[in-house]
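Trainee: Below: one structure in structure tokens.
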Amino acid sequence: MLWLQGLLLVTVVITWSFRRWGRWQTWICGLPVLTAVVVGLSGSAARLLPNLL
């Protein structure tokens, strides 16, 4: 649940910075943070799924 809240927060901050800074500055600063949150979210989601293999 906390990873989803982090994803929401990162999305809001990226949207705000896109309007404030511009396209390239936002992607340079926001993409690593967004990637880290998505990797953490996918790791948590993988632990919640049943092991079918």
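Trainee: Under a 1.4 Å probe, what is the accessible area of the chain per residue, stated in Å²?
Mentor: With the other protein chains kept in place, the chain gives 89 Å² per residue.
Trainee: Using only Cα atoms, find the angle between the long axis of helix 23-48 and the longest principal axis of the chain, and express it within 0 to 90 degrees, rounded to the nearest 10.
Mentor: The angle comes out at about 10 degrees.
Trainee: For helix 2-20, report the angle its Cα long axis makes with the longest principal axis of the Cα atoms of the chain; keep it between 0 and 90° and round to the nearest 10°.
Mentor: 20 degrees
Trainee: Once the Cβ-Cβ distance between residue 14 and residue 46 is put in as r, and R0 is 25 Å, what FRET efficiency do you end up with, to the nearest 0.05?
Mentor: Taking R0 as 25 Å, the efficiency between residue 14 and residue 46 is 0.55.
Trainee: Sticking with this one: Give the carbon-plus-sulfur fraction of the accessible surface of the chain in %, rounded to a whole number; probe 1.4 Å, heavy atoms of protein chains only.
Mentor: The value for the chain is 73 percent carbon and sulfur by accessible area.
Trainee: Taking 25 Å as R0, compute the FRET efficiency from the Cβ-Cβ separation of residue 28 and residue 1 and round it to 0.05.
Mentor: 0.30
The values are calculated or read from the model by the stated rules, or taken from the named source; none is laboratory data. Since the structure is predicted, the reported quantities are computational estimates derived from the model, not experimental observations. Every residue, glycine as well, gets a Cβ built from its backbone with ideal geometry; the counts of neighbours run over all protein chains shown. Surface areas here come from the heavy atoms of the whole protein model, side chains and all, with no ligands, DNA or RNA. Shrake-Rupley method; radii C 1.70, N 1.55, O 1.52, S 1.80 Å.
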